[in-house]
Every structure is written in C-alpha cells, then in structure tokens.
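Where a number appears in this text, it was derived from the coordinates with a stated rule and is not lab data. All figures in this text were calculated on a predicted structure; none of them were measured in a lab. Here the Cβ positions follow ideal geometry from the backbone for every residue, glycine too, while neighbour counts run over all protein chains shown.
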Amino acid sequence: MKNIIFIAPPAAGKGTQSDLLVKKYGYNHISMGDLLRKEASEKSEIGKEVDEVIKSGNLVTDEMILKLTDKALETIEEPYIFDGFPRNMSQAKILEEALIRFNKAKPITIYLDVSKEEAFKRGTGRLNCPTCGKIYHKHLDEVKPKTEWICDDCKVDLVSRNDDSEKAFTVRYENYIEKTLPLLDYFKNKGELYVIENPMFPMETFAKIEAIIK
Ligand code: AMP
C-alpha cells in the first residue's frame, strides 16, 4: 500500500478520505491540524500562540511543523497518510529530509481539485465530533449525522470548528492558493502526482483513491 500526501483546499475532504483509508486499510493518519489543535489545547505559552494562529486561519511556524513531523515519523508505521502537510515549499523540504532521516518510503501525492465555491460551502457547513474526531456535514447527505448535531458513534454533541467561520476560512483559502497550490508542480516533478477532479461524493472519491493506491 502506498504512502500518501493529500493536497487540497481546506474542507475538501482530506480528513474524510483519511478516515476511510484508516478503517479499510489500516493506514496511519497524521493530521497536522489535529496535532496542532492538541498543542493548542495545552495551557502553555506555545499552546496559546498556536491557538491564536489557528483561529486566525494563518499557518503556524515551520519550526513547530518540523518538531511535530519528527515526533510523528519517529513512531509511525507505514503505510502513512500526511493530511494538511506539507503546506508550503519549505515544509516540502522538511518532509523530504525527515523521510530520509527516519528511513521511510516516499509518498505519492493525491490532489483533490475542489473549486473555491464548493470548498466554502463545505467548510462553513462542517461539523466535528469532539470525542472521536469524525467529520460530518450539515447539508451533504452522504456525511450527515443520523440525528441532527449528534455523533452517530459517540452520541455526543457535534461542534463547528472556530476556524470554519467565514472570516478565518477566507484566510485559510488565501493561504492555500498562495502557499500550498505551488507544491503541485514540485510533486509532479519529484514523484507521483494524481489528480481527482471535482470530487463531489465521498464514496465515489474513495473508490478513485483505492484504484490509485492498489
Ligand atoms: P487543518 O485541520 O488541516 O484544516 O488545519 C487547521 C489549521 O492548523 C490551519 O488553518 C493552520 O492554522 C494550522 N495548520 C495545519 N497544518 C499546518 C501546516 N502544515 N503548516 C502550518 N499550519 C498548519
């Protein structure tokens, strides 16, 4: 099974696809956003700083990302998924060097090509389970909770992420266009890049990903 990097705008479905890959194929999922939200929940000075940056929709420092990447790669078994990393050119270099340091195989890159309008619609309707992390959506039938605002598995109230507000989402999207999107050329030249155009339905997208990784 191939290691994977997902490149996509915020709320395009990276987390949902990662969850499906974990369940069906036992992938190890490294979500940089989840690792950072964990840091932010610590009441330390660094935690508070990370929390502020996440709320604003901006990117945290590459120094912090380097630390978390090393920590994750030290223990992770293959196959792995990097979700939300790398997000800029210097992070792509951080990853390249860390993979050599920790003797891990190179990943393929899967690009979920979602339009701006669709990303905004998904981002601002997204709901998360605070217990298991499962992602739902208020309006997309395939990923709607069975009972409104309740996690199907944990039966706890779902929450909206504070960086899914329209203001923070706009900053996140702008950062994506300016800093993350240029990575496509880099990965095209460096390794294997697969493009999934206009992924609308999670299970249909998953079938396309399965065809790529097998
Ligand atoms: P995500 O869960 O991937 O949408 O990430 C949520 C937020 O965490 C982002 O808007 C950034 O503030 C921060 N973040 C996640 N991944 C990275 C990264 N690779 N580099 C810098 N900041 C990140």
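Taken together, the residues in region 40-65 that are of a type in the set (Ser, Thr, Tyr) and within 8 Å of the ligand (Cβ to nearest atom) amount to 2. Counting only residues that are touching a Leu at 6+ places or on another chain (Cβ under 9 Å) and either more than 10 Å from the ligand (Cβ to nearest atom) or touching a residue at least 40 places away in the same chain (Cβ under 8 Å) (or both), region 6-38 holds 12 of them. Restricted to region 150-170, and to residues there that are surrounded by 16 or more Cβ atoms within 10 Å (Cβ to Cβ) and within 14 Å of the ligand (Cβ to nearest atom), the residue that is farthest from the chain's Cα centre (by Cα) is 168.
Scanning region 1-42 for residues that are over 12 Å from the mean Cα position of the chain (by Cα) and either hydrophobic (A, V, I, L, M, F, W, C) or in a helix (DSSP H, G or I) (or both) yields 1, 20, 21, 22, 23, 24, 25, 37, 38, 39, 40, 41. Counting only residues that are of a type in the set (A, V, I, L, M) and buried (at least 17 other Cβ atoms within 10 Å of the Cβ), region 172-212 holds 4 of them.
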